[in-house]
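Visitor: Shown below is the structure under consideration.
The values are calculated or read from the model by the stated rules, or taken from the named source; none is laboratory data. Note that the coordinates shown come from a computational prediction; the quantities given were computed from them, not determined experimentally. Because the Cβ atoms are built from the backbone with ideal geometry, glycine has one as well, and the counts that use them run over all protein chains shown. SASA here: full protein model, heavy atoms, side chains in, ligands and nucleic acids out. Shrake-Rupley method; radii C 1.70, N 1.55, O 1.52, S 1.80 Å.
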Amino acid sequence: LVAHPHAVTQSVLVMVAAVAGVAHSLTMWVVDKIVQLVAAVVVAALFFSGVASWAMCVITSPQTIKPQLSALLPGAGRGACKSTNFKDHVLNADSGYTVEEYDVPVTGDAWFRVHRVYRKKFCNSAQFIPVLCQHGVLQSSGAFTCTGSNSLALFLADKGYDVWLPNTRGVYMPPQTTNPNFWNYDMVDVARYDFPALIKFVTERTKRKVVYIGHSQGTAPSNTENYYYMS
């Protein structure tokens, strides 16, 4: 070692390089495991999110709106679950709500269904402002009523607002669903035709400006319409 001092330096450098290589390999292994763990968590989250979305779709579908409200609204029994009629169910609830149902024509054979919920005692008040609540993807008007008095639609009705709950075209299945042309539309068509038809329909009946609340995909019609006209 005394005769060859450079050998010591070289040996140290080799040892340092070896340690650095091992540390690097260990670090990469740990990082790789962390990445795998994160990826697994993300995949699991997406899976359970998909399951939850599917469950919400089932829960808020027109076929289950009535059973939901039957369990949540006071006095809503009496065999209401045998029907999927949103209007009849809430009227049978003896809960003080008035419910109306409309089919709004758009273009050609296209149409969509709108539910209206309010309390008659507020009809002549200044607070009786029309509020439109548009549901998100894979949902229906039931998305705003499925938690009973805590739901947005019934909460607003209790506060004196005139609540309108439109259903995206196709939520309520018309007889012509076997016709492929019925499904030949996209969100631009919803913004250009359905959304203006909805606003016109409500304003003509209420003679008031409306407040619009959109959840998730429900925000798209107003935003897309604004973009379309600005373009």
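Visitor: Take Val202 and decide whether it is surrounded by 16 or more Cβ atoms within 10 Å (Cβ to Cβ), modelled with pLDDT of 80 or more and out of contact with any Asp or Glu (no Cβ under 7 Å at 6 or more places or on another chain).
Guide: Considered against the rule, which asks whether it is surrounded by 16 or more Cβ atoms within 10 Å (Cβ to Cβ), modelled with pLDDT of 80 or more and out of contact with any Asp or Glu (no Cβ under 7 Å at 6 or more places or on another chain), Val202 comes out as yes.
Visitor: Between residues in the range 106-121 that are within 16 Å of Lys159 (Cβ to Cβ) and residues that are assigned to a helix (DSSP H, G or I) and of a type in the set (Asp, Glu), which pairs lie under 8 Å by C-beta distance while being six or more apart or on different chains?
Guide: Arg119/Asp158
Visitor: Hey, among the residues in the range 114-171 that are open to solvent by less than 10 Å² (accessible area, probe 1.4 Å) and hydroxyl-bearing (Ser, Thr, Tyr), which one's farthest from Glu100 (Cα to Cα)?
Guide: It comes out as Ser151.
Visitor: Would you check if there is a residue in the range 114-129 being farther than 23 Å from Thr206 by Cβ, in a helix (DSSP H, G or I) and more than 21 Å from the chain's Cα centre (by Cα)?
Guide: Within the range 114-129, not a single residue is farther than 23 Å from Thr206 by Cβ, in a helix (DSSP H, G or I) and more than 21 Å from the chain's Cα centre (by Cα).
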